[in-house]
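Notes follow once the structure below has been shown.
The values are calculated or read from the model by the stated rules, or taken from the named source; none is laboratory data. This one's a predicted model, so the numbers in the text were calculated from it and none came from an experiment. All Cβ positions, glycine included, derive from the backbone under ideal geometry; neighbour counts span all protein chains shown. Each accessible area value is taken on the protein alone, full model and side chains, heavy atoms only, with ligands, DNA and RNA left out. Shrake-Rupley method; radii C 1.70, N 1.55, O 1.52, S 1.80 Å.
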Amino acid sequence: MTQNSSTPSSLQDVEKPAMDTEATILPIVAQSPTSDIEKAASLTEPKGPPPGGFNPSQFPDGGLQAWLCVLGCFCILFCSFGWINSIGVFQEYYQTHQLRAYSASTVSWISSLEVFFMFAGGPVIGKLYDNYGPRRLLLGGTLLHVFGLMMASLASEYYQFILAQGICSPIGASMIFYPAMSTIPTWFFRKRGAAFGIVAAGSSLGGVIFPIMVQRLIVEVGFGWAMRTGAFLILALMVVAILTVESRFPPSKKPWSIKDFVIPLKELTYDLVSLGSFLFFMGIFLPINYIILEAEHYGMDPSLAQYLVPILNAASLFGRTIPGFLADKIGRYNMMMIMCFFTSILVLAMWIPSTTNAPIIVFAALYGFGSGAFVSLTPSLIAQISDVRQIGVRSGTLFAIISVASLVGNPIGGALLTKWNGEYTGLQVFAGVLTFAGYGSCLQMSTARAVLLTCGRSIVLSLARVRLAGWKVMTKI
């Protein structure tokens, strides 16, 4: 009796059962035998985050500091992913202005490198986050992101756009993106899907404002000052983020080891989520990158076509918030499975036959809603199966994996466009199929096989859900 009464409060919290279905999949110590917990009572309480850091009752799930962190992360997503979501504007502009001598596939390497470097640094940046916290990364990332855009405003040659907008700027965007994705899970558990949805809405708002702003400013003040104005806006918002984004846990310095990045890949559920995300990301940016050019190809007036990317991103605002709130009710894996199937069907059933203004506009809006959910839900999927103090490196490893898919997706789409003599059918089928090694095989694919393979990304993520909760459809997971 004496021994039990002396049990530290943190260990008593550990002994409490998980408070909902989702908590049981986390690597908490609540399932340890009672004898082990009694032995732990005689030990000195460890420093750093408490062992019960994974118990839902220990997450604030609100409060001034938590919501200020959400505000700062919203600004980060506006400046990072919001800018990346504007790549369709630059693809169209460069092909008709500075880089008109280059093919669509060649020009698309700029946008592909943007997405690649945005995500590829995940493991390293995630480890830096775990060791040093978010503040230093936000400062360094802001400097690189703004500097890269300033240099792009002065560029006139292809290699200059590659170095400034394709490499420097997205490396900075990556350094600010990952702290936002890794900080939110330390403050929220039950409301994690909603919090991520609000944060991800920042990228949608950025994806609406940046394209319109850049296109209007190019006409008014020229390309150079349009880019510099965007850079100044990013700088102002990042000041807010630097002052408000803070992790609930202090950084814990650990030695660097390649095992930190490999260990997550030994978990089947993690592997399934990674594979499904890889397949999805190989095609997710193709409509964003090419929808303006495709619309103009089918006769849409350029003054109307320039609003397609803002329309897509405006719809993704709802796609990133509404599914996030619903995910907290019906389960995050359940919600992701639904949205993946919806997007898969949408690409093949609607985008391919859309050749007039109205269907293309409707597709842009619906695709924005469907694809937007993926951005907000993916981090919460990883957080749900991870030790919250290892969120940085585990999220970084996932995004590094999908960065490879985002790197090759747009150039392959551009090559398909050339192969089909300027027709978009091959590119559209590729965006729907996603699962093949060489684009030549896509050209011979039957409709039935295309539909089957397109569902592949949804099926893989569904398998991750089955791995966690079994085949019971009504289980919240």
Heavy-atom accessible area of VAL219 with all protein chains present, probe 1.4 Å, nearest 10 Å²?
120
GLU220 accessible area, nearest 10 Å², 1.4 Å probe?
140
Listed residues LEU235, SER247, PHE278: farthest to the positive end of the dipole of region 205-338 (Cβ charges)
SER247
Carbon/sulfur fraction of accessible area - region 151-191, other protein chains in place, 1.4 Å, %:
70
Could you order ILE258, ILE291 by accessible surface area, starting with the largest, using a probe radius of 1.4 Å?
ILE258, ILE291
For region 282-403, the dipole about the Cα centre with charges only on Cβ (Lys and Arg +1, Asp and Glu -1), to the nearest 20 debye, works out at 480
Computed accessible area, HIS297, all protein chains, 1.4 angstrom probe, square angstrom
80
Alpha-carbon centroid distance for the pair region 291-370 / region 65-79, whole angstrom:
25
Using all alpha carbons of region 213-269, what is the percent of pairwise distances in each 5 Å bin, ordered from the shortest bin to the longest?
4, 14, 11, 9, 10, 10, 10, 10, 11, 9, 2
Per-residue accessible area, 1.4 Å probe, largest first, puts TYR307, TYR290 in the order TYR307, TYR290
Gain upon complete extension [VAL262, VAL408; 0.36 nm per residue less C-alpha separation]:
50.2 nm
Highest-first arrangement of 319-327, 279-287, where packing means the average Cβ count within 10 Å:
279-287, 319-327
Magnitude of the Cβ-charge dipole of region 216-292, K/R +1 and D/E -1, about the Cα centre, nearest 20 debye?
220
